[in-house]
Each structure stands twice: as structure tokens, then as C-alpha cells.
Amino acid sequence: MSTHPVSRRARPAKAPLSRDVIVRTGLEILDRDGLDALTMRRVAKELDTGPASLYVYVANRDDLMAAMLDEALGRVPLTAGDGDWQQRLHALAAATVEAMSRHEGLAHVALGAIPTGANALLVLDRMLALLKQGGLDDTTAAWAVDLIYLHIAATAAEQSTYDTKDAVEEDVIAAVEGQYAALPADRYPMITSLRRALFSHGDRDTWGLQVLINGILHTPAG
């Protein structure tokens, strides 16, 4: 058996670095190993390069995660749903929640920043079009899309918490309800008296969005 070193020319060529390659690699690490494993050093190792090489394409980990969020939002079908503008807005919101919550930690990125990515802006543009179909004036539609996007990001962050920790939502809720049941009624009179209502079942996400829509329709901005 030959013990001579393998020539560099004989090794498989590495894929050229690009922002897209780095983002896709980051998502692979995130989904496979979790949020704590996602570091610039780990991404560089996965790509068989040094961390300094990544900074040509991404400014830092926060920039990488923002780009990963936008990559995830590219999965959102912008023409999802049938029916009137409200039904289509509900469908678009649900698809956006699903895309954000699919990857650990990305929904929290959406909570903390103004959307600027190409795919996020396409989602916002579609939301604005639907809100305008509902007869909203420009300012109300513009303010409304901020409120709705915040609701979507918060819903996705909650869902992602259950998904990525491999927790069953019903089990978590049951455990908390048990804690509430043990609360002293003299100190927490409203919580104890409304405990069953607080933990009642139903599609709260859809209800919450509809509450926002109804309020927006009846509360013009300015």
C-alpha cells in the first residue's frame, strides 16, 4: 500500500463559498444539532474552511441567522388559500408561522428585527395587498401589517419551543394547569375561578388573528 501523501489535485474539489451555501449549511447544522451548535466556527468546519472566510459573506452569527430566517420564509406560498381576503390572510399567516417555527430560534429573530430579507418582504407585500383589498387606507394597512407580523412571529416562537424541545404541548399545558389548580383562591381569586376557561381548548391562533383583523377594521390609524 502506498504511503505517499495524496496530492491536493487528487482531492475532491470543495464547493465554492457563497452566502447561499453558508446559509444552507447553517440550516443543516441547526436542524441536525440544535441552536447551541450553530456557531461561525462550526459552519466553517462543516465547509472545510476557516471562520475568517465566512465573514466575506456574512457579517456575524446574527446576520447568518437573519439570512437563514429569510431562506426559511422562501417556503411560504404567497398565493395560499381560497376565499375572501380575510381567509387568504389567515392562510398566509398560518403558512408563515409554519415556515418560521420549523427551525429552532428563527422566530425569535423575526421578533427582534424589522423584516428586510427578500422573502420576508414578499410575505409583507402580499399581506399589504390583502389588507388593501379589505378597504384599509394606506396608513392603517401599513400599521396593521406590523401588528400581524408580530403576532405571527410570537405564535411561531411559541410553537418552535414545543417542537424543538420535543415537548408535547398538551402535556406542558396539563402540567401548568395542575400548578394553577394548586393556587390559593384567596390570593389568586380570578385565576382560580377561571382556570378551566384559561385552559379551554380551541384554535387560539386563528381566533387571535381574527381579533386583530376585527380591531384593525374598526380602528383606522390617525
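A few notes on this one:
- Considering segment 198-216, and only residues there that are in a helix (DSSP H, G or I), farther than 19 Å from Val97 by Cα and open to solvent by 60 Å² or more (accessible area, probe 1.4 Å), the residue that is modelled with the highest pLDDT turns out to be Asn214.
- For Ala13, the conditions (1) part of a helix (DSSP H, G or I); (2) modelled with pLDDT under 95; (3) not polar (S, T, N, Q) are fulfilled apart from (1).
- Residue in segment 77-91 that is at pLDDT below 95, within 24 Å of the chain's Cα centre (by Cα), surrounded by fewer than 21 Cβ atoms within 10 Å (Cβ to Cβ) and charged (D, E, K, R) present: yes
- Scan of segment 14-36 for residues that are among the basic types (Lys, Arg) and farther than 17 Å from Val58 by Cα, ordered by number: Lys14, Arg32
- Test: residue in segment 131-146 that is aromatic (Phe, Trp, Tyr), open to solvent by 70 Å² or more (accessible area, probe 1.4 Å) and touching a helix residue (DSSP H, G or I) at 6+ places or on another chain (Cβ under 7 Å): no
- Of the residues Ala67, Ala52, the single one that is loosely packed, with under 13 Cβ neighbours inside 10 Å, of a type in the set (Gly, Ala, Ser) and in a helix (DSSP H, G or I) is Ala52.
- Filtered by the rule that a residue be more than 17 Å from the chain's Cα centre (by Cα) and either within 15 Å of Asp62 (Cβ to Cβ) or at pLDDT below 95 (or both), segment 37-47 gives Thr39, Met40, Val43.
- Of the helices (runs of 4 or more DSSP H) lying entirely inside segment 101-190, the ones with 3 or more residues being in contact with a Lys or Arg (Cβ under 9 Å, 6 or more places away or on another chain) are found at 118-133, 138-164, 169-181.
The values are calculated or read from the model by the stated rules, or taken from the named source; none is laboratory data. On a predicted model such as this, the values are computed, not experimentally measured, just so you know. Virtual Cβ from ideal backbone geometry, glycine too; neighbours counted across all protein chains shown. Surface accessibility is based on the protein's heavy atoms, side chains included, excluding ligands, DNA and RNA. Shrake-Rupley method; radii C 1.70, N 1.55, O 1.52, S 1.80 Å.
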